[in-house]
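Since every read-out is calculated from the coordinates, none of them should be taken as a lab result. A quick note: this is a predicted structure, and the numbers were derived from the prediction, not measured. Quick reminder, even Gly has a Cβ in these numbers, built from the backbone with ideal geometry, and neighbours come from all protein chains shown.
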Amino acid sequence: MANWIPLWLHKLGSPPTFYRFAGMLRPWAMALALLLGAVALYGGLVLAPADYQQGDAYRIIFIHVPSAEMSMFVYAVMGVASFIALVWRIKLAEVVAMESAPIGAAFTFITLVTGSLWGKPMWGTWWTWDARLTSELVLLFLFLGVIGLFHAFEDRRQGARAAAFLAIIGIINVPIVHFSVNWWNTLHQGSTVNIFGKSKMSWDMLWPLLTMMLATKFYYAASLFNRVRTDLLALEGGKDWVRKIAEDEADR
Amino acid sequence: MSALQTFFTVSGDAAAFLKMGGYAAYVWPAYAVFFIVLIADTVAPRVRRRRVLRELRARLARQQARQDRAGSNSTSTSPSL
């Protein structure tokens, strides 16, 4: 029936087409990320009132929660792309999975550091082996493990398959991170933002947080396009379309 | 309000803003880490892209040179033989 869908997908999956497609979308995604990010920062740092218990220290939430959410979101994307790469052997899915790993590691690192900077004044400690904190640290090690395994092989496609396998196994950790605050009695506070119910947060604080969550999504898209494009050039170095780009950019 | 007064009110507000209610030592480093890590994440693939294309051009130039040499050898040596 809808024969054009797989055809369209098939074309998009070809490296030169995706290279052009990603190059077209990347500036828009980055512009939206910067615009929404700036609005969210103004709302969060300037317009939102101080918290009645945590004072101004709570303002770390506007980067901590979006980064934490992205650490899980990027992992999920990496897991799905890894699955597609292993089952259907699609080169582009492999590249998307492997290039998501450093972005996910970056967001996980930000989450841990900002959480630590928030924990010191509120809990009196930089670190504690609480279920939420520990599972997030495991998530960082999973990202680093995927990156390490990918680069440990002489043949990069073999490395990508091994790393994709690790990524799929590690996906079990994502729900553990998410539900850790409900399953165990943690020092980490429970969730404040709830998509399906009422959030336990005033609108003045909630809208900058949601805006920043949207901004980080666009940032991820921009960063992923940027990384995938570069990796496709490295992967397809012998092909004519890459040679043409190399020659065109020599004049600049 | 005079311009001078406005200046001091604004800078007073800015100072209060920068103090973050006494939590400046935690809030600003957190934001700094966020931006530094994401900027590094954006710059790294651009640097890699330039390196990949430079290496590819060098490889193509070597191939071209080898072909030229092979071509000139065959034309210059064949008449003398």
| task | Could you check A:SER202 against (1) more than 22 Å from the chain's Cα centre (by Cα); (2) within 28 Å of A:TRP28 (Cβ to Cβ) and say which number it fails? | result | (2)
| message | Taking the criterion of being within 15 Å of A:SER67 (Cβ to Cβ), in a helix (DSSP H, G or I) and either touching a Pro at 6+ places or on another chain (Cβ under 6 Å) or aromatic (Phe, Trp, Tyr) (or both), would at least one residue in region A:78-92 satisfy it? | response | no
| task | For region B:41-57, name all the residues that are within 12 Å of A:GLY237 (Cα to Cα) and hydrophobic (A, V, I, L, M, F, W, C). | result | B:VAL52, B:LEU53, B:LEU56
| Can you pull out the residues in region A:107-131 that are buried (at least 23 other Cβ atoms within 10 Å of the Cβ) and closer than 22 Å to A:VAL77 by Cα? | A:PHE107, A:THR108, A:ILE110, A:THR111
| note | Counted residues in region A:56-105 being buried (at least 24 other Cβ atoms within 10 Å of the Cβ), away from chain B (no Cβ under 14 Å) and aromatic (Phe, Trp, Tyr) come to 1
| Output for region B:26-40, where each listed residue is loosely packed, with under 12 Cβ neighbours inside 10 Å and under 20 Å from A:GLN54 (Cα atoms) | none
| Residues (away from every other protein chain (no Cβ under 11 Å) and either under 16 Å from the mean Cα position of the chain (by Cα) or buried (at least 17 other Cβ atoms within 10 Å of the Cβ) (or both)) located in region A:205-237 | A:MET205, A:TRP207, A:PRO208, A:LEU209, A:LEU210, A:THR211, A:MET213, A:LEU214, A:LYS217, A:PHE218, A:ALA221
| request: Please go through region A:27-47 and pick out each residue that is over 20 Å from A:ASP204 (Cβ atoms) and within 14 Å of chain B (Cβ to nearest Cβ). | output: A:PRO27, A:ALA29, A:MET30, A:ALA31, A:ALA33, A:LEU34
